[in-house]
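Student: If you scroll down you'll find the structure; I have some questions about it.
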Amino acid sequence: MPKTLIIKNKIKKFNEQIRVSGDKSLSIRWVLLASQATGKSKGYNLLMSEDVLAAIDSIKKLGIKVEIQKNYCEIVGNGINGFKYKKNLTINAKNSGTLGRLILGLLIKSPKKIKIIGDKSLSKRDFSRVTIPLEKFGVKFSYKIKNKLPLKILGTQSAKGIKYLENRGSAQCKSSIMLAALNASGITSIKAKKSRNHSELLFKYLKIPMKIKKTKKFDFIEIKKPEKINAFNYQIPGDISSSAFFIVLTILASNSKLLIKNVNINPSRIGVITILKKMGAKIVLKNQRNYRGEKIANISIKSSKNLKAINCPSELNSSAIDEFLVIFLVAAKANGISYFKDISELNQKESPRLNWGSKILNMMGVKTELTKDSIKIYGQPNLKIIKPIVIKNYLRDHRIFMMSTIAALTFGNKWTIHDKDSINTSFPTFLKIIKKINK
Ligand code: S3P
C-alpha cells in the first residue's frame with residue numbers, strides 16, 4: 001500500500017449515515033481498569049488502533065491474560081496490582097501519551113524496575129507532569145534525559161495518599177494520579193482543573209470509594225483505596241474526536257448531510273460542537289441517551305454557509321483540545337478574524353500542533369498570527385487554494401494527517417499527504433469511511 005495519499009478533487013455532494021470507531025480515551029481506560037478487576041471483563045466496540053493495542057500489549061507483558069475475539073476483547077484481571085512479571089521488563093507505549101502517563105499510575109507498587117519506552121514523538125513529550133506528583137507517593141524514576149522517555153519506574157510498598165493540584169486541565173495527569181490512588185493507603189485528594197471526566201465516571205460505575213465536589217473551574221476529587229474492583233463489561237461508544245473530522249468535512253462541503261450514529265457526547269468532550277455552533281455550523285444532537293454515566297447521541301450535520309469568526313472562550317479549550325486542528329479549518333473559511341488563546345498545550349501533543357496548524361493554514365494561503373499560546377486566523381469565505389500542497393515530516397501525527405485530508409477534500413487543489421499509516425494510531429478506518437462517503 002502506498003504510504004502517501006494524493007487528493008486532486010474536492011469531495012462530491014453526499015447524504016450519508018456513518019459510525020466511527022470506539023472512543024480512544026474510554027478504550028484505553030477500559031483496558032487498564034479491566035486489568036485491575038478480579039475476573040473476566042469484556043469490552044465491546046473497543047477501538048482496535050495502535051494506541052489501544054499498545055495498552056493491551058502492555059498489560060499482557062504485566063502478566064494479564066487478554067483474548068481478542070471478533071466482537072469483543074476479554075481481559076482476565078488478577079485484582080488490584082495483580083501484575084506478575086520478570087526482571088528487566090520493558091513496556092512500549094508507542095505513540096500514546098495517554099497510555100504512557102496512565103500506566104505509570106498503575107505501577108506505583110512495582111517491586112522491580114520497569115522501563116517505559118515510546119516512539120519518536122512520545123519520546124519528545126513531557127513526563128514531569130506525571131513523574132513529579134507520582135514521586136510524592138514514594139515512587140522513584142530514572143532517565144537518560146530527565147522527564148523524558150525512556151524512563152524506569154521503581155515502585156514503593158508503602159504508598160500513602162497524596163494531595164495533588166492539577167492545574168493544566170489535563171485528564172491524563174488527573175487519571176494517572178487517580179489510578180495511583182488505587183494502590184495508596186488513606187485518601188488521595190486531587191484538585192483538578194476541568195478536563196474530560198471518563199475516569200471519574202468509570203470509578204463511580206465500579207463503586208470505587210470516591211467523593212467529587214465541583215466548582216466552576218475545578219473538581220475536588222477524593223479517592224480511597226478500594227478492597228477490590230469487580231470485573232465489568234463495557235460497550236465503548238463512538239469517538240467524538242474521530243467524528244470531528246467528519247463533522248467539519250460536512251460543514252465545509254457543499255449541499256451535503258451526514259448522520260454519525262452512537263457518538264460519546266460527554267459534556268467534557270464536546271467543546272468542538274459548542275465552538276462550531278457558535279461559528280454558525282448546522283449541528284444537531286439527536287436521540288440523546290445515557291450509558292453508565294456517559295452521554296451518547298447521533299450527530300446530524302449539514303453543510304453550512306455564512307460561517308462567523310469566533311473569539312474562542314478559553315474555558316472551552318480542554319473540552320476541544322484534540323479538535324482544534326479541524327476547528328482552524330472552519331475558521332479559515334469564516335467571515336472575520338478568529339482568535340484562539342491559552343492553547344500552548346496544543347504544542348505538547350503528538351506533534352507541535354499549534355505550530356503545524358498555523359503552517360498548514362499558511363500553505364493554504366490563509367494569514368495567521370501565531371504566538372506560543374495563541375493564534376489569530378484571518379478567515380476567507382471564498383478561499384481558493386492556488387498552489388499544490390505537500391504535507392510531510394510532521395512526526396506522523398495522526399490528527400495532522402486527517403486534518404490535511406479534510407482540508408484537501410473541501411478546499412481543493414492538489415494535496416500530497418505523507419505517512420498515511422499515521423491514522424492507525426487512533427482511527428484506522430478513517431480513509432475507508434471517506435471512500436464510503438465520496439462515491
Ligand atoms: C486524553 C487527554 C488529552 C487528550 C488525549 C487523550 C485522555 O490529553 O489530548 O488525546 O484520554 O485522557 P491531556 O489530558 O494531556 O490534555
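Student: Suppose the filter is touching a residue at least 60 places away in the same chain (Cβ under 8 Å), under 26 Å from D51 (Cα atoms) and of a type outside the set (A, V, I, L, M); does R168 pass it? Outline the logic, then answer.
Tutor: Values: touching a residue at least 60 places away in the same chain (Cβ under 8 Å): yes; under 26 Å from D51 (Cα atoms): yes; of a type outside the set (A, V, I, L, M): yes.
It is true that R168 is touching a residue at least 60 places away in the same chain (Cβ under 8 Å), under 26 Å from D51 (Cα atoms) and of a type outside the set (A, V, I, L, M).
Student: Considering only residues of the range 100-117 that are touching a strand residue (DSSP E or B) at 6+ places or on another chain (Cβ under 9 Å) and within 14 Å of the ligand (Cβ to nearest atom), which is farthest from K24 (Cα to Cα)?
Tutor: Step one: list which residues in the range 100-117 are touching a strand residue (DSSP E or B) at 6+ places or on another chain (Cβ under 9 Å), which gives 100, 103-104, 107-108, 110-117.
If we keep only those that are within 14 Å of the ligand (Cβ to nearest atom) too, we end up with 100, 103-104.
Numbers: G100: 14, I103: 15, L104: 18 Å.
The residue in question is L104.
Student: Quick check on this structure: which one of I162, I145 is away from the ligand (no atom under 15 Å from the Cβ), crowded, with 17+ Cβ neighbours inside 10 Å, among the aliphatic types (A, V, I, L, M) and farther than 16 Å from L102 by Cα?
Tutor: Working: I145 fails: crowded, with 17+ Cβ neighbours inside 10 Å.
It is I162.
Student: Which of the following residues is within 16 Å of the ligand (Cβ to nearest atom), farther than 26 Å from I296 by Cβ and either small (G, A, S) or crowded, with 21+ Cβ neighbours inside 10 Å (or both): S21, S58, S25? Working first, answer last.
Tutor: Details: S21 fails: farther than 26 Å from I296 by Cβ; S25 fails: farther than 26 Å from I296 by Cβ.
On inspection, the qualifying residue turns out to be S58.
Student: Right, another one. Kindly check whether there is at least one residue in the range 3-10 that is within 25 Å of the chain's Cα centre (by Cα), surrounded by fewer than 22 Cβ atoms within 10 Å (Cβ to Cβ) and modelled with pLDDT of 95 or more. Show your work before the answer.
Tutor: Pass one, the range 3-10, residues within 25 Å of the chain's Cα centre (by Cα): 3-5.
Retained after the next criterion (residues that are surrounded by fewer than 22 Cβ atoms within 10 Å (Cβ to Cβ)): 3-5.
Filter again for modelled with pLDDT of 95 or more, leaving 4-5.
Yes: one or more hits.
Student: Tell me, which residue of the range 301-327 that is away from the ligand (no atom under 16 Å from the Cβ), buried (at least 18 other Cβ atoms within 10 Å of the Cβ) and without any contact (Cβ under 8 Å) to a residue 60 or more places away in the chain is nearest to K349 (Cα to Cα)? Spell out how you get there, then give the answer.
Tutor: Going through the range 301-327, the residues away from the ligand (no atom under 16 Å from the Cβ) turn out to be 301-313.
This time we only want the ones that are buried (at least 18 other Cβ atoms within 10 Å of the Cβ), so: 301, 303-304, 307, 309-310, 312.
Filter once more, keeping what is without any contact (Cβ under 8 Å) to a residue 60 or more places away in the chain: 301, 303-304, 310, 312.
Values: I301: 28, S303: 29, S304: 29, I310: 23, C312: 20 Å.
The qualifying residue nearest to K349 (Cα to Cα) is C312.
Student: Identify the residue in the range 335-355 that is within 15 Å of the ligand (Cβ to nearest atom), surrounded by 21 or more Cβ atoms within 10 Å (Cβ to Cβ) and not in a loop (DSSP other than H, G, I, E, B) and, among all such residues, is farthest from the chain's Cα centre (by Cα).
Tutor: Filtering the range 335-355 for residues that are within 15 Å of the ligand (Cβ to nearest atom), surrounded by 21 or more Cβ atoms within 10 Å (Cβ to Cβ) and not in a loop (DSSP other than H, G, I, E, B), the one farthest from the chain's Cα centre (by Cα) comes out as L354.
Student: Can you name every residue in the range 82-118 that is at positive phi and modelled with pLDDT under 95?
Tutor: Going residue by residue through the range 82-118, those that are at positive phi are 88, 94.
Passing the criteria: none in range.
Student: For the range 403-428, which residues satisfy the criterion of being outside any helix (DSSP H, G or I), on the phi < 0 side of the Ramachandran plot and surrounded by fewer than 19 Cβ atoms within 10 Å (Cβ to Cβ)?
Tutor: First, pick out the residues of the range 403-428 that are outside any helix (DSSP H, G or I): 412-419, 426-428.
Add one more test, that the residue is on the phi < 0 side of the Ramachandran plot, and what stays is 414-418, 426-428.
Hits for the range 403-428 are K414, T416, H418, P428.
Student: Within the range 125-139, is there a residue that is within 16 Å of the ligand (Cβ to nearest atom), surrounded by fewer than 16 Cβ atoms within 10 Å (Cβ to Cβ) and touching a residue at least 60 places away in the same chain (Cβ under 8 Å)?
Tutor: There is at least one residue in the range 125-139 that is within 16 Å of the ligand (Cβ to nearest atom), surrounded by fewer than 16 Cβ atoms within 10 Å (Cβ to Cβ) and touching a residue at least 60 places away in the same chain (Cβ under 8 Å).
Student: Among the strands (runs of 3 or more DSSP E) lying completely within the range 1-101, list those that include at least 3 residues that are over 24 Å from I417 (Cα atoms) and in contact (Cβ under 8 Å) with a residue 40 or more places away in the chain.
Tutor: Working: elements: 5-7, 15-19, 38-44, 65-68, 72-78, 89-92.
Filter on the range 1-101 gives 15-19, 38-44, 72-78.
Student: Between residues in the range 214-243 that are more than 25 Å from P313 (Cα to Cα) and modelled with pLDDT under 95 and residues that are assigned to a strand (DSSP E or B) and among the basic types (K, R), which pairs lie under 8 Å by C-beta distance while being six or more apart or on different chains?
Tutor: Once the first residue is more than 25 Å from P313 (Cα to Cα) and modelled with pLDDT under 95 and sits in the range 214-243, no partner that is assigned to a strand (DSSP E or B) and among the basic types (K, R) comes close enough.
Student: If a residue must be part of a loop (DSSP other than H, G, I, E, B) and either at pLDDT 95 or above or within 20 Å of S25 (Cα to Cα) (or both), how many such residues does the range 429-439 contain?
Tutor: So the answer is 2.
Student: If you take the residues of the range 90-99 that are in contact with a helix residue (DSSP H, G or I) (Cβ under 7 Å, 6 or more places away or on another chain) and not hydrophobic (A, V, I, L, M, F, W, C), which of them is farthest from the ligand (Cβ to nearest atom)? Write out each step before concluding.
Tutor: Just the residues of the range 90-99 that are in contact with a helix residue (DSSP H, G or I) (Cβ under 7 Å, 6 or more places away or on another chain), to begin with: 91-99.
Narrowing the set further to residues that are not hydrophobic (A, V, I, L, M, F, W, C) leaves 92, 94-98.
On the way: N92: 18, K94: 14, N95: 11, S96: 9, G97: 6, T98: 4 Å.
The extreme case among them is N92.
Yes or no, residue by residue, for (1) buried (at least 19 other Cβ atoms within 10 Å of the Cβ); (2) among the basic types (K, R); (3) part of a helix (DSSP H, G or I):
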| position | (1), (2), (3) |
| --- | --- |
| K174 | yes, yes, yes |
| A181 | yes, no, yes |
| K191 | no, yes, no |
| S199 | yes, no, yes |
| I208 | yes, no, no |
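Student: In the set A281, A309, A332, which member is in contact with a helix residue (DSSP H, G or I) (Cβ under 7 Å, 6 or more places away or on another chain) and within 17 Å of M403 (Cα to Cα)?
Tutor: A332
The values are calculated or read from the model by the stated rules, or taken from the named source; none is laboratory data. What you are looking at is a predicted structure, and each value in this text was computed from that prediction instead of being measured. Every residue, glycine as well, gets a Cβ built from its backbone with ideal geometry; the counts of neighbours run over all protein chains shown.
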